[in-house]
Amino acid sequence: MRMPIRSILLIAAIAALAACSAKQNTADTSSVLASVNGTPITNDMFRAYVRSLAGGQEPQLDQQKRQLVLNRLVDMQVLAQQAKKTGLTKDPKVAADLQVQQAGLLAQEMVQQYLSQHPVTDAQLKAEYQARIQSMPGTEYRARHILVADEKQAQDIITQLNHGASFAKLAEKYSKDGSAKNGGELGWFSPADMVPQFSQALMQLKKGAYTKQPVHTQFGWHVIQLEDTRALPPPSMDSVRDQLMNELQGKAVEAYINSLRGSAKVDMNLPAAATAKTVVPAAPGTPPATKP
């Protein structure tokens, strides 16, 4: 569906202003700016509409743009009144959309109110930061690997290495991994970046050594050589403050929702067939095990 040109221009104008000024309109929120067939359009409604166009901000508008916004609100009210006259609000799809939009808005505002009343403290941030630092690996590794499809071939490669063959040349010749063209070189990485079987085998090696037994992962069979290690300094508190804040707020909101659900009477009537087809997404922040 194509958006009307005047709506696009309005949104663009408001968005541009939002980037320049976040000063709020302090006029009387209850004042009536216009009315349509006796239905008032208040300054509260005007400000809410501006925020919806400006990504939650409330820029100060000049008189020309205020008039433009007000005209769009009048258009909306005219159309909404006509929709009610024609019985459109009784259409099941429209009624469902309205219910979802109302619930979504109220839920969003409830979350914001909860966070404003239960802010994350500096002490919580520092405690979370220290816990993360302690759980972080203190070492980065540089390694090569050769990835093949079966254990026998991997064992044959190890035998060639035992007889003095070049690891890089064997990787170029046999490895089915994209690193083959670089002699199996993987560069620097943290153990957390790799699947557990790979990291566990790697961390047992001394510099220059390679695995004496093939390492099996979901990608195939690996022969791994440790090239070097180096200390991995932790990130500064300031560099991860926003990330920690978002995660702690997310946990707080999740706990709040769970407490509300625990005291609510919830009846689930989803048909069994539909449940079987439902795909549950991975939990936020769960890294995919895509590396060997």
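Selection of the stretch 149-182 for residues being among the polar types (S, T, N, Q), out of contact with any Pro (no Cβ under 8 Å at 6 or more places or on another chain) and closer than 16 Å to Tyr210 by Cα yields Gln153, Thr159, Gln160, Asn162, Ser166, Ser175. Restricting attention to the stretch 130-139, the residues that are of a type in the set (Val, Ile, Thr) and in contact with a strand residue (DSSP E or B) (Cβ under 9 Å, 6 or more places away or on another chain) add up to 1. The conditions of being in a helix (DSSP H, G or I) and at pLDDT below 95 are not met by Thr290.
Assuming Pro233 fulfils every condition listed in (1) on the phi > 0 side of the Ramachandran plot; (2) modelled with pLDDT under 95 apart from one, which condition is it? Against the list (1) on the phi > 0 side of the Ramachandran plot; (2) modelled with pLDDT under 95, Pro233 comes up short only on (1).
For the stretch 41-91, residues that are under 22 Å from Glu109 (Cβ atoms) and either outside any loop (DSSP other than H, G, I, E, B) or of a type in the set (Ser, Thr, Tyr) (or both) total 17. Considering the stretch 263-282, and only residues there that are more than 29 Å from the chain's Cα centre (by Cα) and part of a loop (DSSP other than H, G, I, E, B), the residue that is modelled with the highest pLDDT turns out to be Lys265.
Does Gln124 satisfy the condition of being under 30 Å from Tyr256 (Cβ atoms) and modelled with pLDDT under 95? Here the answer is no, as Gln124 does not meet what is asked. Applying the criterion of being polar (S, T, N, Q) and within 33 Å of the chain's Cα centre (by Cα) to the residues of the stretch 205-227, the residue that is surrounded by the most Cβ atoms within 10 Å (Cβ to Cβ) is Thr217. Residue pairs, Cβ under 8 Å, 6 or more apart or interchain, first in the stretch 191-219 and without any contact (Cβ under 8 Å) to a residue 60 or more places away in the chain, second of a type in the set (D, E, K, R). List them. Qualifying pairs under 8 Å: Lys207/Glu227; Lys207/Asp228; Gly208/Glu227. Looking across the stretch 43-75, just one residue is surrounded by fewer than 17 Cβ atoms within 10 Å (Cβ to Cβ) and hydroxyl-bearing (Ser, Thr, Tyr), and that is Ser52.
Answer yes if at least one residue in the stretch 71-91 is under 30 Å from Ile257 (Cα atoms), hydrophobic (A, V, I, L, M, F, W, C) and not assigned by TED's automatic domain parsing to the domain that holds Phe219, and no otherwise. Looking through the stretch 71-91, none of the residues is under 30 Å from Ile257 (Cα atoms), hydrophobic (A, V, I, L, M, F, W, C) and not assigned by TED's automatic domain parsing to the domain that holds Phe219. Of the residues making up the stretch 79-93, those that are surrounded by fewer than 13 Cβ atoms within 10 Å (Cβ to Cβ) and of a type in the set (A, V, I, L, M, F, W, C) number 1. Go through the residues of the stretch 159-176 one by one and say whether even a single one is farther than 30 Å from Ser259 by Cα, of a type in the set (Asp, Glu) and within 23 Å of the chain's Cα centre (by Cα). So far as the stretch 159-176 goes, no, none of its residues is farther than 30 Å from Ser259 by Cα, of a type in the set (Asp, Glu) and within 23 Å of the chain's Cα centre (by Cα). Restricting attention to the stretch 117-176, the residues being surrounded by 13 or more Cβ atoms within 10 Å (Cβ to Cβ), β-branched (Val, Ile, Thr) and out of contact with any Leu (no Cβ under 9 Å at 6 or more places or on another chain) number 3. Annotation note: Cβ proximity below 8 Å between a residue of the stretch 170-183 that is within 16 Å of Arg142 (Cβ to Cβ) and a residue that is of a type in the set (Lys, Arg) (sequence gap 6+ or interchain) occurs for Ala171/Arg144; Ser179/Arg144; Gly183/Arg144; Gly183/Lys169. Which residues, taken from the stretch 143-160, are in a loop (DSSP other than H, G, I, E, B) and hydrophobic (A, V, I, L, M, F, W, C)? Correct list: Ala149 only.
Results for (1) outside any helix (DSSP H, G or I); (2) touching a strand residue (DSSP E or B) at 6+ places or on another chain (Cβ under 6 Å); (3) among the hydroxyl-bearing types (Ser, Thr, Tyr); (4) within 30 Å of Leu202 (Cβ to Cβ), shown as yes or no for each residue.
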site: Lys93; (1), (2), (3), (4): no, no, no, no
site: Val100; (1), (2), (3), (4): no, no, no, no
site: Val111; (1), (2), (3), (4): no, no, no, no
site: Ser116; (1), (2), (3), (4): no, no, yes, no
site: Val120; (1), (2), (3), (4): yes, no, no, no
site: Glu128; (1), (2), (3), (4): no, no, no, yes
site: Tyr141; (1), (2), (3), (4): yes, yes, yes, yes
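A single member of Gln101, Gln160 is of a type outside the set (Gly, Ala, Ser), without any contact (Cβ under 8 Å) to a residue 12 or more places away in the chain and farther than 27 Å from Val195 by Cβ, and it is Gln101.
The values are calculated or read from the model by the stated rules, or taken from the named source; none is laboratory data. As the structure is a computational prediction, the values presented were derived from the model and not from experiment. Glycine gets a Cβ as well: all are built from the backbone with ideal geometry, and neighbour counts include every protein chain shown.
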